[in-house]
1. Between Val81 and residues 5 or more places away or on another chain, which pairs have amide H atoms under 5 Å apart, with H built 1.01 Å from N, and which residues are they?
2. For the stretch 128-137, just list the computed ³J(HN,Hα) in residue order, Karplus coefficients 6.51, -1.76 and 1.60, θ = phi - 60°, integers in Hz, with x standing in for Gly and Pro.
3. State, as an integer percentage, the relative contact order of the stretch 202-361 based on alpha-carbon contacts under 8 Å between residues 6 or more apart.
4. Determine, for His51, His166, the number of other Cβ atoms within 10 Å of each Cβ, and report the residues in order from fewest to most.
5. For Gly41, which sequence-distant residues (separation of 5 or more, or a different chain) have an amide H within less than 5 Å of its own amide H, given hydrogens modelled in the peptide plane?
6. Multiply the residue separation of Ser60 and Asn212 by 0.36 nm, subtract the distance between their alpha-carbon atoms, and state the gained length in nm to one decimal.
7. Quick one: work out Rg over Rh on the C-alpha atoms of the stretch 8-354, Rh as Kirkwood radius.
8. Give me Tyr86, Tyr387 ranked fewest to most by other Cβ atoms within 10 Å of their Cβ, as a rough exposure proxy.
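Each reported figure results from applying straightforward, stated rules to the coordinates on display, with no laboratory input. All figures in this text were calculated on a predicted structure; none of them were measured in a lab. Virtual Cβ from ideal backbone geometry, glycine too; neighbours counted across all protein chains shown.
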Amino acid sequence: MALPERMKFGIFMAPFHWKGENPTLSLERDLETIQWLDYLGFDEAWVGEHHSAGWEIIASPEIFMATAAERTRNIKLGTGVISLPYHNPLMVANRMVLLDHLTRGRSMMGVGPGALSTDAAMLGIDPVEQRRRMDEAMTVIMRLLRDTEPVTHESEWFNLVEAQLHLRPYTKPHFPIAVAAAQSPSGMVLAGKHGAGVLSVSVTRDAEIASNLSQFWSIAEETAERHGNVMDRNEWRVVMHVHLAESRKEAIEQARVNAGRYQYDYFVKTLGHDLAVEVNNTSDRDKIIDVMTEHGAWCVGTPDDLIATINKLDEESGGFGGFLIQATEWGTREQVRHSYELVARYVMPHFQGSIASLDRSQQWSEHKKVELAEARKAAMARARDDYAAARTR
């Protein structure tokens, strides 16, 4: 295995919420989820930015993270992700530095080009330009964070004149930074160019991409070498859909209806993505979970199933440092919370080295039980003999 001694676990919270539900309560439930993960010992929560399409309802991950930080103690909070083409780079850097101070170093910055074409359309941004603009913005942000010299930069979509950070980051040299990498290689290229971490979100929907993880990482390493950087696999996080229960049958039945609604009603019907399953009725939609789990795109089952899935991803990728669960509400509120609890109780310890010494201690005790039992008997006999001898004096 190429996995680290202690793998990071967390969630990637878009978030996704059903049409027709109270959005205020949905946001409160998102905050509750992060509080629950903090209690369970999860390491990270990455929060998305979206502005359209009706499902992903957090427009400012920074504001949400600031609220979550006040309700939690240890969990780190990341933007998952800031859509860089939508913002002036100086504003992005300044907001993240402020969060870095307010959270005492618990903030992380994830960046991307913008996932929803409807967002870009409302802002008058040509989708063809999004990745180029992300690269340009990222370059400026890294200069602002790493250099103390003022930055002057003239662009077709933003201008900076002797710009500098008047408040430097709390974390030295700066907070962790990761780039979202999906179906195209542009994310890996950008991560390599700046020596940043990687959020591989593609395995959430495309099992074929998951099998090419090692090839994608090579793109980042080759790019990093050309720019004098070194990629760190410990800062590579893989995102996947997960729902666990005591049995695989129970997990699938808990998630069947809502997983189908989620994949078809949003990604196909609303966003226009392709789907391997032909859906003509509700019965067809309910079969989506069977196809996705069979192809390995989702892990719906038991803690043992997730352990096996992570080991398989390790083998396919060559090793990574973090596993993020795509936050969904496929079951009831209680079932979703229980799924996270099963991850914390049975999966995380397997990849964080917290149970190996306990196993060794138990095995040592079992091996010595006969010998030690005889010693206990001898000690008790000696105590009785000493007592009897003392009474006869």
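1. Glu49
2. Going residue by residue, I get 5, 8, 4, 6, 5, 5, 4, 4, 5, 5 Hz, with x marking Gly and Pro.
3. Here the relative contact order equals 36 percent.
4. Ascending number of Cβ neighbours within 10 Å: His166, His51.
5. Result for Gly41 returns nothing.
6. 51.5 nm
7. Taking Rh as the inverse mean 1/r over Cα pairs, Rg/Rh reads 0.95.
8. Tyr387, Tyr86
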